[in-house]
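Bear in mind these aren't lab numbers, they're just calculated from the coordinates by the rules spelled out. For clarity, every value in this text was computed on a predicted model and none was experimentally measured. Cβ placement follows ideal geometry from the backbone for every residue including glycine, while neighbour counts extend to all protein chains displayed.
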């Protein structure tokens, strides 16, 4: 925790020192830095909360396929399970088609609800609102310097990641 506090204080002292360059530079750097840091911290916190909820509800399958496997082979065509080696005459094709259709996952209300729930978390939305409103405020007040703004996103992401990693572990 001390490491995170010193990191945040050090970065804020640096940002306040940029006021010596110009107020425009300072305000662009401050808004972009805070936006990026809040977005990363909020996203990491929301993700950790979602994972902890899944663990508490015992929704974790023991042999769940990883995401890359699901994307590359959604219907498990390349798995190593032995195929039915019975002769063609003995196979009931209608039953096989029915079984395979049951395996296909369709978009359901519960799966859509799960995806929307993760994306609409307040910990993820509020920082994005701050980013958009800060950008609009700078533009409307003719203070926006896009070079400084985009450049300040990187240090904000780094500090947001390091502080979230430290606090959330």
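Values as computed for the structure displayed
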| item | result |
| --- | --- |
| Protection-proxy order for peptides 28-36, 95-103, each taking the mean of Cβ atoms within 10 Å per residue, highest first | 28-36, 95-103 |
| Projected label distance in nm at residue 95 and residue 22, using a 7 Å step from Cα toward the beta-carbon | 7.9 |
